[in-house]
Amino acid sequence: MKSISRDDLKQMNETEHEDFVLINVLPRNAFNREHIRTSINVPVEEPSFLEQVEAVTGSKDRKIVVYCANFECDASPKAAKKLEDAGFTEVYDYEGGTEDWFSRKRAA
């Protein structure tokens, strides 16, 4: 698992237009309250987490960025580890998560 910053994610998404799946791994109610616009929700605690991610990505070699609430949240590192342990090869963790993404956006 590799960690990425808000600027890395912004560049991947808005500048480079890279092919990747951005996954919010928090419970659905947290996702519904606030999430990064281009993300989907696959809660890490769901028993079918790995199967859902594989169905969405289509391949264990596709780039995946996971995120959760903030730097203190452990859901995205946990999700990244699960994915890597299951054989996914391009897993990134946006550690700042929703809080970091929107705090900088609001400050701009």
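The values are calculated or read from the model by the stated rules, or taken from the named source; none is laboratory data. Note that the structure is predicted; figures quoted are calculated from it, not measured. Cβ sites come from the backbone with ideal geometry, for glycine too, and all protein chains shown count toward neighbours. The area values use the complete protein model at the heavy-atom level, side chains included, leaving out ligands, DNA and RNA. Shrake-Rupley method; radii C 1.70, N 1.55, O 1.52, S 1.80 Å.
So, in region 55-82, how many residues would count as being farther than 21 Å from residue 6 by Cα and surrounded by 14 or more Cβ atoms within 10 Å (Cβ to Cβ)?
Within region 55-82, the subset farther than 21 Å from residue 6 by Cα is 55-61, 82.
So of that shortlist, the ones also surrounded by 14 or more Cβ atoms within 10 Å (Cβ to Cβ) come out as 57, 60, 82.
Final tally of qualifying residues: 3.
When region 22-57 is examined, which residues are found to be under 17 Å from residue 83 (Cβ atoms) and either in contact with a Gly (Cβ under 9 Å, 6 or more places away or on another chain) or at pLDDT below 95 (or both)? Let's see the steps before the verdict.
Pass one, region 22-57, residues under 17 Å from residue 83 (Cβ atoms): 22-26, 39-57.
Across region 22-57, the qualifying residues are 24, 26.
Collect the residues in region 31-54 that are small (Gly, Ala, Ser) and exposed (fewer than 12 other Cβ atoms within 10 Å of the Cβ), keeping them in residue-number order.
Within region 31-54, 48 is the sole residue that qualifies.
If residue 81 satisfies every condition in (1) outside any helix (DSSP H, G or I); (2) modelled with pLDDT of 95 or more but one, which is the exception?
Condition (1) is where residue 81 drops out.
Output the number of residues of region 1-30 satisfying the condition of being open to solvent by less than 30 Å² (accessible area, probe 1.4 Å) and among the charged types (D, E, K, R).
So the answer is 1.
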